[in-house]
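Q: Before anything else, here's the structure in question.
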Amino acid sequence: MSTFAIGDLQGCLGPFETLLDTIGFNPDRDQLLLAGDLVNRGPDSLGTLRRVYELRDNVRVVLGNHDLHLLALAHGHARPKSKDTLAPILDAPDRNTLLGWLRGQPLLVEVPEFDAVMAHAGLPPLWTLEQARQRAAEIAGVLADPQSADIFFSQMYGNDPAGWRDDLTGPTRWRVITNYFTRMRFVDRQGDLDLTTKGEADQPPAGFVPWFEHPDRLDTGCRMLFGHWAALEGRSGVAGVEALDTGCVWGGCLTALRLDDDARFRCDC
C-alpha cells in the first residue's frame, strides 16, 4: 500500500490518468491525497470530478478556491468567469450527486500515519494545529447544513477583513477562515493576508512574506502538504513544507509525492 499526495488537477483529466498510470496506482491498496482545486480552467472539469468521485473510497480531498467557486455557482451566488470550465458540471444529470459529495469535503485533512496535514493553500502560520482543526471543522459544519451553506456562499467572496480576529462572527468569520485555507500566499508580521499578489515567493509585496517563511510560524510537528501556488513550481525551500501544485493547467506538470519514501513523480501537461 502506498499513499500519494497530488497537486491541483483543475480539470486536467488526461494528465491525471497518465499520472495514475505512472505511479502504478492500484485502487485495491493505494490511497490518494488531493490538494484541492479539482476543477476549473482545464479542459474536462466534469470528467475529472466524475473520476475523483469514482475513486472516492481511495481518495481524501481538501476543498480549494475553485471547488468553492463551483459550489457558489451551483447555489446561485456567483457569476461565471470568462475562463471557467464549469458549465458541463452544472448541466450534468449527475450534478447533485457530484456537488453533494464535493460540498462534504473538508478544508483540512490530517494524515497521522505520516505525521502530515494537508490544506489547499497551507496552514496559517500563527495558528496552532488545534486552532486550524477547530476552524476547519467550523466551516465543515456550516457546509453540512443547507441553510447555513447558502448564507456562506452568498458572502464567501471578498478580501476583507484581511486577517484573523478572535471576535469575528458569522459569515465574516467564515470568509476569513476560508481565505486562509484556500487563498493564502503572502502574509505580514501580524499574519494578515495579501490576496492580490500571485507571483514568485521571492517577490513579495512590501511588508509581506510567503506564509511558510513567517519568522514566527508555529511548529505544528507535522509535514504540511499544500497546492494552490503554481509559481513555486513544487518547491517551498522550507523543510517539511511540501508544495504540490506544479502548474499542470498552465502547461507545467502534474506532481505526485509518495509519502512512504518521499519519491516524486511527474507527468507533463
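Q: Can you give the direction-averaged projected area of the convex hull of the alpha-carbon atoms in the stretch 96-204, in nm²? Don't skip to the answer; put the middle values down first.
A: On the way: hull surface 32.7 nm².
Quarter of the Cα hull surface area: 8.2 nm².
Q: Apply 1/(1 + (r/R0)^6) to the Cβ-Cβ distance of ASP57 and ASP115, taking R0 = 25 Å, and write down the FRET efficiency to the nearest 0.05.
A: Step by step, r from the Cβ atoms, then E = 0.60.
Q: So which GluC sites (Glu not before Pro) in the stretch 196-252 are both in a DSSP loop and have at most 15 other Cβ atoms within 10 Å of their Cβ?
A: The qualifying sites are GLU200, GLU233.
Q: Same structure again: Under the Karplus relation 6.51 cos²θ - 1.76 cosθ + 1.60, θ = phi - 60°, what is the ordered set of whole-Hz ³J(HN,Hα) values for the stretch 171-182, x standing for Gly and Pro?
A: Values per residue, Gly and Pro as x: x, 5, 4, 4, 5, 5, 4, 5, 4, 5, 6, 10 Hz.
Q: Place the peptides 104-111, 92-99 in order of packing, highest mean first, counting for every residue the other Cβ atoms within 10 Å and averaging per peptide.
A: 104-111, 92-99
Q: Would you kindly calculate the translational diffusion coefficient of the stretch 160-238, applying Stokes-Einstein with the Kirkwood radius from alpha carbon pairs, for 25 °C and a viscosity of 0.890 mPa s, and quote it in µm² s⁻¹ without decimals?
A: After rounding, the answer is 182 µm²/s.
Q: Within the stretch 115-140, whose backbone N sits under 14 Å from a point 7 Å along Cα→Cβ of ASP166?
A: So the set is 127-128, 131.
Q: Give a quick list of chymotrypsin sites (Phe, Trp or Tyr not before Pro) in the stretch 119-180 that DSSP marks as loop, anything other than H, G, I, E or B, with at most 16 other Cβ atoms within 10 Å.
A: Qualifying residues, ordered by number: TYR157.
Q: Pop out the carbon and sulfur fraction of the accessible area of the stretch 6-69 as a percent, whole number, probe 1.4 Å. Before the final figure, lay out each step's value.
A: On the way: 810 of 2080 Å².
Carbon plus sulfur share of accessible area: 39 percent.
Q: Find the accessible area per residue for the stretch 53-107; the probe is 1.4 Å, ligands and nucleic acids are left out, and the unit is Å².
A: Numbers: 2670 Å² over 55 residues.
About 49 Å² of surface per residue is accessible.
Q: Once R0 is set to 25 Å, what does the formula 1/(1 + (r/R0)^6) return for the Cβ-Cβ distance between ASP262 and THR18, expressed as a FRET efficiency to the nearest 0.05?
A: Details: r = 21 Å, r/R0 = 0.86.
E between ASP262 and THR18, to the nearest 0.05, is 0.70.
Q: Let me ask something additional. Applying the Karplus parametrisation 6.51 cos²θ - 1.76 cosθ + 1.60 with θ = phi - 60° to the phi angles of the stretch 88-100, what ³J(HN,Hα) value in whole Hz is obtained for each residue in order, glycine and proline being reported as x?
A: x, 5, 5, 9, 6, x, 9, 4, 5, 5, 5, 6, x
Q: Distance in nm between label sites at TRP101 and LYS198, each 7 Å beyond Cα in the beta-carbon direction?
A: So the label points at TRP101 and LYS198 sit 2.8 nm apart.
Q: Could you run the Karplus curve 6.51 cos²θ - 1.76 cosθ + 1.60 with θ = phi - 60° over the stretch 137-147 and give me ³J(HN,Hα) per residue in whole Hz, x for Gly and Pro?
A: Running phi through 6.51 cos²θ - 1.76 cosθ + 1.60 with θ = phi - 60° gives 5, 4, 5, 4, x, 4, 5, 6, 9, x, 5 Hz.
Q: Something else: Would you pull out the residues with amide H under 5 Å of CYS267's amide H, same chain only if 5 or more places away, H placed 1.01 Å from N?
A: LEU254
Q: Continuing with this model, one more query. With a 1.4 Å probe and every protein chain kept in, tell me what percent of the accessible surface of the stretch 218-264 is carbon plus sulfur.
A: The value for the stretch 218-264 is 46 percent carbon and sulfur by accessible area.
Q: Sticking with this one: With 10 Å bins from zero, work out the P(r) of the stretch 1-118 over every alpha carbon pair and list the percent per bin.
A: 13, 48, 31, 8, 0
Q: Follow-up. Counting pairwise Cα distances across the chain, what percent come out greater than 29 angstrom? Don't skip to the answer; put the middle values down first.
A: Details: 9361 of 36046 pairs.
Of all Cα-Cα pairs in the chain, 26 percent lie more than 29 Å apart.
Q: Here is a further query. Averaged per residue, what accessible area in Å² does the stretch 174-227 show with a 1.4 Å probe, protein chains only?
A: 44
Q: Pop a pseudo-label 7 angstrom from the Cα along the beta-carbon direction at both ASP219 and HIS77 and give the gap in nm to one decimal.
A: Here the modelled spin labels are 4.0 nm apart.
Q: Which value, in nm² and rounded to one decimal, describes the direction-averaged projected area of the C-alpha convex hull of the stretch 95-150?
A: 4.9
Q: How many angstrom separate the Cα center of the stretch 2-27 from the Cα center of the stretch 140-211?
A: After rounding, the separation between the Cα centres reads 29 Å.
Q: Provide the percentage of antiparallel DSSP beta bridges, counting only those with both residues in the chain; round to the nearest 5.
A: Percent antiparallel among DSSP bridges in the chain is about 55.
The values are calculated or read from the model by the stated rules, or taken from the named source; none is laboratory data. The model shown is predicted, which means the values in this text are computed figures rather than measured ones. Here Cβ is always computed from backbone atoms with ideal geometry, including for glycine, and neighbour counts include all displayed protein chains. When the accessible area is computed, the model is the full protein with side chains, heavy atoms only, and any ligands, DNA or RNA have been set aside. Shrake-Rupley method; radii C 1.70, N 1.55, O 1.52, S 1.80 Å.
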